[in-house]
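Heads up: the structure comes next, in structure tokens.
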Amino acid sequence: ITGTLPSELCIISKLETLYLPDTLDPPYDDFDLDEMKDWCDSLSSPPSHQPSTSPTSKPSSLPSLSPSTTEHKENIARDEERGAVEKLLMALGVDEYINNETSHCKWNGNTCNEDGFVTAIDLHDNGLNGTIPSEVGLLSNLQHLFLDGNNITGTLPTELGKLSNLQYLRLNDNLINGTIPTEVGMLSTLIQIYLHSNNIKGNLPSAVGTLSSINEINVNNNHLDGDIPSELWSLAQLTHLDLSANNLHGTISNKVDSLTVLKTINLSSNKLAGTVPAGFANIPYLQVLKVSNNELTGIIPQQLGELYQLEVLDLANNFFIGSIPSDLGALVNAAILLQGNDVEKVAPLSLCSNVRKFDLLNDTTWCPPERKWLMYFFSEGKGQEWTKSNGWLDEFTSHCEWYGVMCNEDSKVVNLTLGNNGLSGRISDTIGNLTELRKLDLHDNDLKGSIPSTIGNLLNLSDLVISYNELTGNIPETFADLSELKLI
């Protein structure tokens, strides 16, 4: 059917509904019959109930019925959206937020754009109960959905995948159960997804690997199982990944270094096995690496010491073997957590000396404190110029095996004999921390400066030989406490 609407339509007095094709000129949607009545009344010569017989008469066309305009379609969409918001609020037990007298854009938690479409719903920490209805999928303009920190139950509706403009999805800290629908992979604009601290089970769907815009994924503290999908390692924009406190198993992929902008990754408290990929060292901005409380084995990759921006390295409570890489001593600003493994029970000297937040720092088995005091003695005495310095500052050699050092059965230094050995510089104050020292022989060297008063702390000292040096000043008053001293 083509052409225009004839005025003879006005004689159909009992017309209730009129459906019009798009082929009319201009096109019309189903229009309000009240408008048609107004038009009929406005005609100066309304048609009679008998058809015209005049060969020259031409029927009038309907000039101003509601056209199929963008505005008209948007009104329909807004009404549909309002209904979807009503369904959501009722399903979450807050139908009191619904106000039939105002636009849904003014309801609590809603934000709309200038065209009156909902772009954000923020009802976090609001005491919500109930479930998320399927009608949420009708909110096609939604960019932010924040329902975190409530008591929402039920499953995640598959219709979430219809939210084609969604960027931020926060449903964490609820009581949501069921699985993560694969339709989540349809959210191509998604930047952040928080589902942590719920009761979600099943696999992490591989469809998550299609979220090309995603920056943050947090699903920790759920009941997820299965392997980590390989597709996850291809998310080039991912900066934060938290899969901790689940039941994930399998291995950590060697493709992890594909996540080149990753800043934090937490895989702790799962059932992951295998080794830690050395490829982590190829992620230049990595700040947090947590894989504790798993079933990881093998050696700790020395390449991890190249992660100079690292703030946390948590490898605790696994089954790592071998020695702790001395390279980790370069991570001076990081918290390094290694307890609960099967590595050799002596930490490298640099790690014990340089990393203040090493979790085994105060364990004398792993980090013998006297080793550190001797390191300072070596440094201030210009040990690199000594005639003999075998073993000194070796990362793993016991300080009791260093040249000139003798220890008791408790690995406490009792003799330090370095006479005529090319020492220069000064005697370090840290010598006073070797409290079991009985003999200190530094004669015939080139030591300068004053005699440290801390020597007075060596209450077991019986032999002190520091002659033939270039020491200056007075004998410290603290020497009066050296009751065991016999030779000076």
message: Give me the strands (runs of 3 or more DSSP E) completely within the range 367-466, filtered to those with at least 1 residues that are hydroxyl-bearing (Ser, Thr, Tyr), out of contact with any Pro (no Cβ under 6 Å at 6 or more places or on another chain) and farther than 30 Å from residue 327 by Cβ, ordered by residue number.
response: 413-417, 448-450
- request: Would you point out which residue out of 145, 190, 169 is more than 21 Å from residue 265 (Cα to Cα) and crowded, with 21+ Cβ neighbours inside 10 Å?
  value: 145
field: Matching option when the condition is assigned to a strand (DSSP E or B) and either touching a helix residue (DSSP H, G or I) at 6+ places or on another chain (Cβ under 6 Å) or without any contact (Cβ under 8 Å) to a residue 60 or more places away in the chain (or both), among 224, 262
entry: 224
- request: Test each condition in (1) among the hydrophobic types (A, V, I, L, M, F, W, C); (2) more than 42 Å from the chain's Cα centre (by Cα); (3) closer than 30 Å to residue 331 by Cβ for residue 406 and report the one that comes out false.
  value: (3)
message: Restricting to the range 226-236, name every residue that is closer than 17 Å to residue 179 by Cα and open to solvent by less than 70 Å² (accessible area, probe 1.4 Å).
response: 226, 228, 229
- prompt: Right, residue 344: under 16 Å from residue 396 (Cα atoms) and open to solvent by 10 Å² or more (accessible area, probe 1.4 Å) or not?
  reply: yes
query: Mind checking which residues of the range 423-445 are open to solvent by 30 Å² or more (accessible area, probe 1.4 Å) and in contact with a helix residue (DSSP H, G or I) (Cβ under 9 Å, 6 or more places away or on another chain)?
result: 426, 429, 433, 435, 436
Matching residues in the range 347-365 - criterion: being within 15 Å of residue 395 (Cα to Cα) and open to solvent by less than 30 Å² (accessible area, probe 1.4 Å): 347, 348, 349, 350, 351, 352, 353, 355
message: Against the definition (within 22 Å of residue 464 (Cα to Cα) and modelled with pLDDT under 95), how does residue 411 come out, yes or no?
response: yes
message: For the range 304-321, check the following and say yes or no: at least one residue is without any contact (Cβ under 8 Å) to a residue 24 or more places away in the chain and either part of a loop (DSSP other than H, G, I, E, B) or more than 18 Å from the chain's Cα centre (by Cα) (or both).
response: yes
- request: Would you check which residues across the range 237-268 are of a type in the set (Gly, Ala, Ser), over 14 Å from the mean Cα position of the chain (by Cα) and open to solvent by less than 50 Å² (accessible area, probe 1.4 Å) and list them?
  value: 250, 253
statement: Among residues of the range 369-381 being open to solvent by 30 Å² or more (accessible area, probe 1.4 Å) and out of contact with any strand residue (DSSP E or B) (no Cβ under 7 Å at 6 or more places or on another chain), the residue farthest from residue 407 (Cα to Cα) is 379
Test: residue 132 is within 27 Å of the chain's Cα centre (by Cα), outside any strand (DSSP E or B), under 23 Å from residue 77 (Cβ atoms) and in contact (Cβ under 8 Å) with a residue 40 or more places away in the chain: yes
message: Condition (residue is among the hydroxyl-bearing types (Ser, Thr, Tyr) and within 22 Å of residue 476 (Cα to Cα)) applied to the range 392-405: is it met by at least one residue?
response: no
message: Against the definition (open to solvent by 30 Å² or more (accessible area, probe 1.4 Å) and out of contact with any Phe, Trp or Tyr (no Cβ under 8 Å at 6 or more places or on another chain)), how does residue 321 come out, yes or no?
response: yes
- prompt: Does residue 333 satisfy the condition of being over 22 Å from residue 397 (Cα atoms), in a loop (DSSP other than H, G, I, E, B) and out of contact with any Pro (no Cβ under 7 Å at 6 or more places or on another chain)?
  reply: yes
- prompt: Among (1) within 56 Å of the chain's Cα centre (by Cα); (2) open to solvent by 90 Å² or more (accessible area, probe 1.4 Å), which single condition is residue 457 missing?
  reply: (2)
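The values are calculated or read from the model by the stated rules, or taken from the named source; none is laboratory data. Since the model is a prediction, treat every value here as computed from it, not as a measurement. FYI the Cβ positions are ideal-geometry reconstructions off the backbone, even for glycines, and counts take in every protein chain you see. Ligands, DNA and RNA are excluded from the accessible area calculation, which covers all protein heavy atoms including side chains. Shrake-Rupley method; radii C 1.70, N 1.55, O 1.52, S 1.80 Å.
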